[in-house]
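A quick write-up on the structure given underneath.
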Amino acid sequence: MAMAVACALASPAALAQVDTDAIADLLDTPGSAGLGFLYRFEDSPYIGAGHRSDLLPLYLYQGERFYLNADRAGFKFIDDGTHRLDVFLSRRLEGFAQDDVPAIAEDMDPRNAGADLGLRYRHRLPWGTLRATALQDVTSTSNGSELRLGYSHTWSGDRWSLRPDVSVSFRDADLNNYYFGVAPHEATVDRPAYSPGSGTDLTVGLYGTWGFLQNWRLVGGVAVIAHDSSVRDSPIIRDERLQPAVFAGAVYDFGTAIARWDDDDVPMLLKVFYGRSSGEGCHMARIMTLACTSLDHDEPSSVTGVHWGRPFVERINGWPVDFHGYAGFLYRHEMNDIQPDAWQFDAYMKGFFYGFPWSHRVNTRIGMGAGISYANHVPSPEVTSQARRERPISKLLNYLDPTIDISLGDLFRSPGLKQTYFGLGISHRSGIFASSRLLGSVNGGSNYIYAYVETTL
């Protein structure tokens, strides 16, 4: 369980261009999960862009085959402790956000984040771990590819781990030209056209974790990138040999206190819900405090969904608090002309508190879920609110799920319905105040007020 949270170091997005593949597999207990955050601080490679920071929310899960590491989702073909071969899809957070263009890149085409399809092989030996990773852009953002070769070694104690790492990245011309080049139509007197072509980068890093309390870990690291000389010669890139980066964060490991999450003996939870978009100015905090409960009647939108879940931890530390994991789909019916109807996938961990004085008579739970949400079309409330503020939109956002419910079995004195709950909740998507490039630097989101029934199968 202790090693699970070290997966926070796993995300290549955590340090953008820094290769952290060396620590992408420390979550090695099947069925475990975690939630946390990671802040990155680095010097931008672009001239005049100064320092920049980025918040990376961490959603972590490790199954027998499937795994999720913040921005990376993958499937393991082989994982026997010595050899590991997996394929994955990950975000490439290079370039610059559309709302934070460096002065040197003014009037240039956006240099957007992309998504890579990757294939990775790792060979663990007594004296260290060797790895090779091949990446190819699959979003037609850069159409570039990259090959990374790396080595790392780990020292660890009861509560800590320390891992130095070195890697070499061979980047093709498409990748470097997109993020570091200047196209002919973008050229000016002070910014001539330039194509760096293919190049080789070197990254050296030191990463660590430290455990405190029962399930918490601090995570952090430092890394330095040495870009290829052809990149440093670009008129938009700082001519400095080294680009430093620092990151720090914390993760809570839910572990597997009941049993393996994917064991057949762990009960399945089924939640069915229906809701409508909230009215203008009805934000999540105001809805939760009942300061606003109105629905949007001008540009209405509804959701109908099914989420499946399983418990992770019951009565943590003896408190009346449980943690469950959920994943599922909803269908959004846009009763307006702004967006087409859409599907949405949500995955989240959720805590429940049920220690009320009356819970022995009618069990009452308040819950808060946190995770990720992907919609194949951005919800209409997000499109309209972001357009008013001239902010970007994103299909991938943070997901929150505050709820309150009661046991129908207790309410109607029916033992067979003891584990069936009726409640109200908010389906909330947001970009965490534009603090995360993983979430598209979105400042805002959407809220759907819904009613639901949840039962144990």
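The values are calculated or read from the model by the stated rules, or taken from the named source; none is laboratory data. Computed from a predicted model, the values in this text were never measured in an experiment. As a convention, Cβ positions derive from the backbone with ideal geometry for all residues, glycine included, and neighbour counts pool all protein chains shown.
Taken as a whole, segment 314-323 holds at least one residue that is on the phi > 0 side of the Ramachandran plot and assigned to a helix (DSSP H, G or I).
Taken over segment 77-124, the residue count meeting the criterion of being aliphatic (A, V, I, L, M), exposed (fewer than 15 other Cβ atoms within 10 Å of the Cβ) and touching a residue at least 40 places away in the same chain (Cβ under 8 Å) is 2. Among the residues of segment 42-59, just one is in a loop (DSSP other than H, G, I, E, B) and buried (at least 20 other Cβ atoms within 10 Å of the Cβ), namely PRO45. Taken over segment 74-129, the criterion of being among the aliphatic types (A, V, I, L, M) and at pLDDT below 85 is satisfied by LEU93, ALA97, VAL101, ALA113. Counting only residues that are touching a Ser or Thr at 6+ places or on another chain (Cβ under 8 Å) and not acidic (Asp, Glu), which one in segment 239-263 is modelled with the highest pLDDT? It comes out as PHE254. Screening SER278 with (1) of a type in the set (S, T, N, Q); (2) free of Cβ contacts under 8 Å to residues at least 24 places away in the same chain; (3) closer than 21 Å to GLY367 by Cβ gives one miss only, at (2).
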